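Undergrad: Questions regarding the structure given below will be posed in turn.
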Amino acid sequence: MAYLSTAMVLFGLVATINLLFTFGVVRRLREQSAELAALRSGGLPDSALADAAVTHPVGVAVGHLDTAGVDGQRVTSTTLGTRPLVGFFSPHCEPCKEQLPAFVAHAEARPGGRDGVLAVVVGTDEETAEVVARLRPVATVVTEPDQGPVQRAFGVTGFPAFVLVEQGAVAASDFNLVPVAERDAAATPAVR
């Protein structure tokens, strides 16, 4: 009986130590994720991320845009309508994966359908296939390499990036979809 009690106490100690190590690993992974996000945004610390521009500043005209979508259609500034919503995604970006469902839901509910929504996915055809499949029903989708022509036209500096364009200029942009979607929703009644 004494051996059983000793074994149970030892097992409890090992389990407790294992739990403490697990908490330490989780904490370190969170720190590394934050550091990686800062590096992807240009090496800015978290406090500066709020001031960092994700695209051209508000009011700056979007550059020349003339490319082909994944379905073969021509994509230009005029084919996207007067108030396009644009999302930039990378299949290797964890924040992109987290915000993709919200972008799809917002694009799906947006008046005008997929013609007024542009989604740009950065990477090779193999890398982008899954993201493209999720975006295709709700947006005109373009794939391109990093720093491709659409990214340059919008001045994209990191991923994800969301942009609302009004009258050919950036009306709102952010790494987070929420402020851009709120601006889009606030302007929607004026469009109807």
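Undergrad: State which residue is farthest from Asp115 (Cα to Cα) when the search covers only segment 152-162 and only residues that are among the aliphatic types (A, V, I, L, M) and under 15 Å from the mean Cα position of the chain (by Cα). Write out each step before concluding.
TA: So the first thing to find is which residues in segment 152-162 are among the aliphatic types (A, V, I, L, M), and the list is 153, 156, 161.
Next, from what is left, pick out any that are under 15 Å from the mean Cα position of the chain (by Cα): 156, 161.
Values: Val156: 21, Ala161: 19 Å.
Among those that are among the aliphatic types (A, V, I, L, M) and under 15 Å from the mean Cα position of the chain (by Cα), it is Val156.
Undergrad: Go through segment 113-142 and count every residue that is among the polar types (S, T, N, Q) and farther than 12 Å from Gly87 by Cα.
TA: Kept after step one, since they are among the polar types (S, T, N, Q), are these residues of segment 113-142: 124, 128, 140.
From what's left, farther than 12 Å from Gly87 by Cα: 124, 128.
So the answer is 2.
Undergrad: While we're looking at this one, here's another question. Any idea which residue in segment 10-41 is modelled with the highest pLDDT, counting only those that are of a type in the set (Gly, Ala, Ser) and part of a helix (DSSP H, G or I)?
TA: Keep residues of segment 10-41 that are of a type in the set (Gly, Ala, Ser), which gives 12, 15, 24, 33-34, 37-38, 41.
In the following step, the residues that additionally are part of a helix (DSSP H, G or I) were identified as 12, 15, 24, 33-34, 37-38.
Working: Gly12: 90, Ala15: 87, Gly24: 80, Ser33: 74, Ala34: 71, Ala37: 65, Ala38: 61.
Selected residue: Gly12.
Undergrad: Do any residues in segment 163-175 that are within 15 Å of Val117 (Cα to Cα) have Cβ atoms under 9 Å from those of residues that are assigned to a strand (DSSP E or B) and not hydrophobic (A, V, I, L, M, F, W, C), where the two are at least six apart or on different chains, and which pairs are they?
TA: Close Cβ pairs satisfying both conditions: Val163/Gly87; Val163/Ser173; Val163/Asp174; Leu164/Ser173; Ala172/Glu166.
Undergrad: From the list Ala2, Ala7, which one is surrounded by fewer than 10 Cβ atoms within 10 Å (Cβ to Cβ), at pLDDT 80 or above and out of contact with any strand residue (DSSP E or B) (no Cβ under 7 Å at 6 or more places or on another chain)?
TA: Working: Ala7 fails: surrounded by fewer than 10 Cβ atoms within 10 Å (Cβ to Cβ).
From the options Ala2, Ala7, the qualifying one is Ala2.
Undergrad: Continuing with this model, one more query. Going residue by residue through segment 125-141, is there one that turns out to be touching a strand residue (DSSP E or B) at 6+ places or on another chain (Cβ under 9 Å), in a loop (DSSP other than H, G, I, E, B) and closer than 22 Å to Asp66 by Cβ?
TA: Yes, segment 125-141 contains at least one residue that is touching a strand residue (DSSP E or B) at 6+ places or on another chain (Cβ under 9 Å), in a loop (DSSP other than H, G, I, E, B) and closer than 22 Å to Asp66 by Cβ.
The values are calculated or read from the model by the stated rules, or taken from the named source; none is laboratory data. Values in this document were obtained by computation on a predicted structure and should not be read as measured data. Cβ coordinates were reconstructed from backbone atoms using ideal geometry, including for glycine residues, and neighbour counts include every protein chain displayed.
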